[in-house]
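Let me begin by presenting the structure, written as structure tokens, before commenting on it.
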Amino acid sequence: MEQFCYSPLILIIPALMFIILGLGGKYMKPVVSGALGTLALAVVTVLAYMTAYKYFFEIGRAADGAYHAIQVFNFQWLHFTDRLHIDMGMYLDPISALMLVVITTVSLMVHIYSLGYMHGEKGFQRYYAFLSLFSFAMLGLVVATNIFQMYIFWELVGASSFLLISFYYVKHSAVAASKKAFIVTRFADFFFLIGILVLSFYSQTFDFATLTSGIGSPAITSTAGASFMGFSVLSWAMLLIFMGGAGKSAMMPFHIWLPDAMEGPTPASALIHAATMVVAGVFLVARMFPVYAIGTPEVLEIISWVGAITALFAAIVACTQTDIKRVLAYSTISQIAFMITSLGVSRYGEHAQLGYMAGMFHLFTHAFFKALLFLCAGAIIHAVHSNEMDAMGGLFKKLPVTAVSFAIAWLAISGIPPFSGFFSKDEILVAAKHHNMIIYVILSFAAGLTAFYMSRLFLRIFFYEKKNYEHEPHEAGWAMRIPLIILAVFAALSGFVPFGHFVTADRMSYDIHIDMSVAATSVIISLIGIGIAFGLYYKKNTVPDKIASTFGAFYKWAYHKFYFDELWLFITRKIIFNCISRPIAWFDRHIVDGFMDSLAYVTNAASDSIKGFQSGRIQQYALAYLIGALALVVCFAFCLACIFIY
């Protein structure tokens with residue numbers, strides 16, 4: 001499409017930058033590779049903003065007031081049948097245009113921040129190559145024209161995260177964390193692939209525009225009447241697809257990889273948590289929402305409960321952690337679960353679609369305040385050289401820019417007006433209340449816990465007790481401070497965007513109205529959580545330890561993440577390895593290999609018995625020839641005699 005002729009550069013530039021920095025980075029000075037990668041991403045960001053602006057304000061809205069989808073380009077890559085083929089292209093609609101803005105903004109901030117944070121690190125050029133690859137993969141995922149193209153970039157996102165998490169590959173913990181993330185998400189992606197194959201087998205298409213076309217979608221019409229184990233084939237396919245999204249977005253029980261992913265560089269963690277990997281599952285459900293809402297509302301119900309339980313679980317665990325990056329990791333799991341739940345409680349209809357809008361709105365605001373929280377955490381770690389809360393305290397005056405930026409993000413995630421998180425989280429709670437009161441109560445409690453553990457984190461870092469630091473903490477350079485200031489502005493003001501005018505389930509404009517009863521309740525709950533945290537952590541005291549002792553076994557279970565890691569180890573080692581893998585390995589070694597070995601033995605034995613015929617001795621060959629000739633003469637004579645006799 002001519003109006004978006006420049007938009008393919010959004011994908012081309014980071015891909016080229018990955019190749020250039022990956023192959024030629026070792027020949028560049030670190031500052032050159034960093035500046036080159038950052039400049040390229042800045043150009044991509046400008047192009048993404050131009051694309052989003054042109055789509056939302058000039059071209060995207062049709063005469064009926066609804067935004068329509070636009071294929072910027074599309075070409076056939078693999079041909080299976082006249083209807084079933086894999087294309088490569090670029091697809092623009094409200095959620096893809098939104099994600100272009102979110103991904104490029106956060107990625108650019110991470111690129112700039114990393115110039116200071118990663119300065120002097122071995123592999124600096126390699127790090128920027130991986131950042132470019134990660135940005136390219138996620139951008140390709142959100143503009144995919146079909147579900148198989150999305151799956152290709154989906155896997156590339158996983159590979160990119162593996163490379164970034166294992167950046168410090170000399171550390172055993174980093175290698176273990178990267179393998180854990182890769183294996184867990186690949187396990188979930190296996191179900192995603194099965195879901196894609198089932199869906200495409202019946203619908204005979206991978207194309208998003210066709211699959212999400214509404215009641216007449218082949219995904220819905222072609223599977224009518226087909227069932228398996230009491231559920232429709234479409235329900236199974238969409239549930240399997242969601243399992244892939246649950247793995248990427250760290251929903252229970254696939255959440256175990258995300259806290260360990262903190263082993264990578266902190267700026268990379270900001271990118272993973274805020275704008276790329278973990279929001280991919282949310283985007284997947286939003287992209288396939290028409291199929292979920294019209295064809296499989298029962299799967300949406302499952303999605304809503306998975307999200308609600310995960311949100312509460314992660315919030316409880318976050319209250320007990322002492323590693324600041326791990327607290328933020330469980331915070332991410334909980335906040336992503338809010339988005340998943342919001343999509344799950346949404347349906348089509350003027351007010352029923354509120355959850356869809358609210359979930360994507362929270363994805364938008366969360367990207368900025370979560371990226372800000374991680375980058376602030378990086379500045380703090382850079383100052384005190386530790387991730388542990390016990391090594392911190394009294395840093396407010398020593399790190400004023402970081403402290404104020406952190407405070408803005410803390411208030412935003414706690415849902416305190418007028419910061420951005422209040423507006424998006426409030427709409428999620430309204431949607432949940434209208435759909436299911438139990439889910440609303442769970443999310444409200446999780447929101448209160450969020451305000452508590454984030455206040456605990458803020459107070460333990462910047463107040464609590466004054467420390468005698470070996471090296472006096474100080475603010476980082478401007479390369480690290482500028483992204484904090486920019487993201488702080490976004491975290492404070494992005495809630496005022498009239499989001500419902502741009503992103504809704506039916507693509508029509510929707511006016512957001514604050515439900516004062518829900519808003520007042522959520523703010524009161526958040527203030528209670530903040531108040532409790534101030535009472536416990538503003539100044540050092542023994543009350544937190546006493547409370548932990550009072551909760552006893554429950555606190556211990558929460559501190560150990562309810563032993564989900566141990567449970568997965570038990571399942572993999574004792575059940576999968578011992579009960580499944582070992583018998584298969586025995587069958588392979590003794591039956592399959594044994595059968596093939598026996599064939600080889602028989603062949604060798606037969607060869608040994610007849611190899612004398614190929615001795616190379618002329619006398620032996622002549623004797624055999626003579627015997628054969630005599631045998632033929634005798635046979636011929638016998639045949640003639642028989643003829644004459646009879």
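The values are calculated or read from the model by the stated rules, or taken from the named source; none is laboratory data. Since the model is a prediction, treat every value here as computed from it, not as a measurement. A quick note on method: Cβ atoms are made from the backbone with ideal geometry, for glycine too, and the neighbour counts reach across all protein chains shown. Just so you know, the surface numbers come from the protein's heavy atoms only, side chains and all, with ligands and any DNA or RNA stripped out. Shrake-Rupley method; radii C 1.70, N 1.55, O 1.52, S 1.80 Å.
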Worksheet entry | Residues located in the range 284-318, provided they are open to solvent by less than 10 Å² (accessible area, probe 1.4 Å), among the hydrophobic types (A, V, I, L, M, F, W, C) and farther than 17 Å from Ala237 by Cα | Ala308, Ala311, Ala314, Ala315, Val317, Ala318
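Name the one entry in Thr81, Thr45 that is touching a helix residue (DSSP H, G or I) at 6+ places or on another chain (Cβ under 9 Å), touching a residue at least 24 places away in the same chain (Cβ under 8 Å) and among the β-branched types (Val, Ile, Thr). Lay out the reasoning, then the answer.
Details: Thr81 fails: touching a helix residue (DSSP H, G or I) at 6+ places or on another chain (Cβ under 9 Å).
Residue meeting the stated conditions: Thr45.
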Worksheet item: Quick one: which helices (runs of 4 or more DSSP H) sit completely within the range 111-218 and have at least 2 residues that are farther than 23 Å from Phe283 by Cα?
Response: 124-142, 172-203
Discussion item. If I filter the range 175-189 for residues that are of a type in the set (Gly, Ala, Ser) and either touching a strand residue (DSSP E or B) at 6+ places or on another chain (Cβ under 6 Å) or open to solvent by 10 Å² or more (accessible area, probe 1.4 Å) (or both), do I get at least one hit?
Written reply: yes
Worksheet item: Of all the residues that make up the range 339-392, how many are open to solvent by 10 Å² or more (accessible area, probe 1.4 Å), polar (S, T, N, Q) and touching a helix residue (DSSP H, G or I) at 6+ places or on another chain (Cβ under 7 Å)?
Response: 1
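Within the range 78-103, take every residue that is of a type outside the set (Asp, Glu) and at pLDDT below 85 and give me the one that is least open to solvent (accessible area, probe 1.4 Å).
Initially, the range 78-103 is screened for residues of a type outside the set (Asp, Glu), giving 78-81, 83-86, 88-92, 94-103.
Restricting the remaining residues to those that are at pLDDT below 85 gives 78-81, 83-86.
Numbers: Leu78: 71, His79: 104, Phe80: 113, Thr81: 57, Arg83: 141, Leu84: 26, His85: 45, Ile86: 4 Å².
Filtering the range 78-103 for residues that are of a type outside the set (Asp, Glu) and at pLDDT below 85, the one least open to solvent (accessible area, probe 1.4 Å) comes out as Ile86.
Identify the residue in the range 536-556 that is β-branched (Val, Ile, Thr) and open to solvent by less than 100 Å² (accessible area, probe 1.4 Å) and, among all such residues, is farthest from Thr450 (Cα to Cα). Step through it out loud before you land on a result.
Taking the range 536-556 and keeping what is β-branched (Val, Ile, Thr), we get 542-543, 547, 550.
Next, from what is left, pick out any that are open to solvent by less than 100 Å² (accessible area, probe 1.4 Å): 542-543, 547.
On the way: Thr542: 22, Val543: 20, Ile547: 18 Å.
Filtering first and then ranking leaves Thr542.
Kindly check whether there is at least one residue in the range 17-32 that is buried (at least 20 other Cβ atoms within 10 Å of the Cβ), part of a helix (DSSP H, G or I) and hydroxyl-bearing (Ser, Thr, Tyr).
The answer is no; no qualifying residue exists.
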Discussion item. For Ile512, only one of the following conditions fails: (1) in contact (Cβ under 8 Å) with a residue 60 or more places away in the chain; (2) part of a helix (DSSP H, G or I). What is its number?
Written reply: (2)
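Hey, any hits in the range 619-630 for a residue that's of a type in the set (S, T, N, Q), surrounded by 12 or more Cβ atoms within 10 Å (Cβ to Cβ) and part of a helix (DSSP H, G or I)? Working first, answer last.
First, the residues of the range 619-630 that are of a type in the set (S, T, N, Q): 619-620.
From what's left, surrounded by 12 or more Cβ atoms within 10 Å (Cβ to Cβ): 620.
Among the residues that remain, those that are also part of a helix (DSSP H, G or I) are: 620.
Among the residues of the range 619-630, at least one is of a type in the set (S, T, N, Q), surrounded by 12 or more Cβ atoms within 10 Å (Cβ to Cβ) and part of a helix (DSSP H, G or I), which makes the answer yes.
I'd like to check something: does the range 222-231 contain any residue that is among the hydrophobic types (A, V, I, L, M, F, W, C) and assigned to a helix (DSSP H, G or I)? Give the derivation first.
Filtering the range 222-231 for residues among the hydrophobic types (A, V, I, L, M, F, W, C) gives 224, 226, 228-229, 231.
Applying the additional criterion that residues be assigned to a helix (DSSP H, G or I) yields none.
Checked against the condition, which is being among the hydrophobic types (A, V, I, L, M, F, W, C) and assigned to a helix (DSSP H, G or I), the range 222-231 yields no hits at all.
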Worksheet item: Quick one: what pairs do we get from the range 239-268, first residue farther than 17 Å from Tyr292 by Cβ and part of a helix (DSSP H, G or I), second small (Gly, Ala, Ser) and open to solvent by 10 Å² or more (accessible area, probe 1.4 Å), C-beta under 6 Å, 6+ apart or different chains?
Response: Glu263/Ser173
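Determine whether Ala533 is open to solvent by less than 80 Å² (accessible area, probe 1.4 Å), in a helix (DSSP H, G or I), touching a residue at least 24 places away in the same chain (Cβ under 8 Å) and of a type in the set (A, V, I, L, M, F, W, C). Explain how you work it out, then say what you get.
Values: open to solvent by less than 80 Å² (accessible area, probe 1.4 Å): yes; in a helix (DSSP H, G or I): yes; touching a residue at least 24 places away in the same chain (Cβ under 8 Å): yes; of a type in the set (A, V, I, L, M, F, W, C): yes.
In short, yes.
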Worksheet item: Inside the range 207-238, can you point out the residues that are in contact with a strand residue (DSSP E or B) (Cβ under 8 Å, 6 or more places away or on another chain), modelled with pLDDT of 75 or more and open to solvent by 10 Å² or more (accessible area, probe 1.4 Å)?
Response: Asp207, Ala209, Val233, Trp236
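Restricting attention to the range 419-474, and to residues there that are of a type in the set (Lys, Arg) and modelled with pLDDT of 90 or more, which single residue is surrounded by the most Cβ atoms within 10 Å (Cβ to Cβ)? Full working, then the answer.
Start the filter on the range 419-474 by keeping residues that are of a type in the set (Lys, Arg), which leaves 425, 433, 456, 460, 466-467.
Adding the requirement that they be modelled with pLDDT of 90 or more leaves 425, 433, 456, 460.
Working: Lys425: 30, Lys433: 19, Arg456: 25, Arg460: 25.
Result: Lys425.
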Discussion item. With the structure loaded, tell me whether Val282 is closer than 27 Å to Ala479 by Cα, within 13 Å of the chain's Cα centre (by Cα), at pLDDT 85 or above and not small (Gly, Ala, Ser) or whether it fails that test.
Written reply: no
Worksheet entry | Out of Ile482, Ile416, sole residue that is outside any helix (DSSP H, G or I) and open to solvent by 10 Å² or more (accessible area, probe 1.4 Å) | Ile416
Item to complete: Could you please tell me which pairs satisfy a Cβ distance under 6 Å, a separation of 6+ or placement on different chains, a first residue in the range 387-401 that is under 16 Å from Leu328 (Cβ atoms), and a second residue that is open to solvent by less than 10 Å² (accessible area, probe 1.4 Å) and among the hydrophobic types (A, V, I, L, M, F, W, C)?
Response: Asn387/Ile324; Met392/Ile461
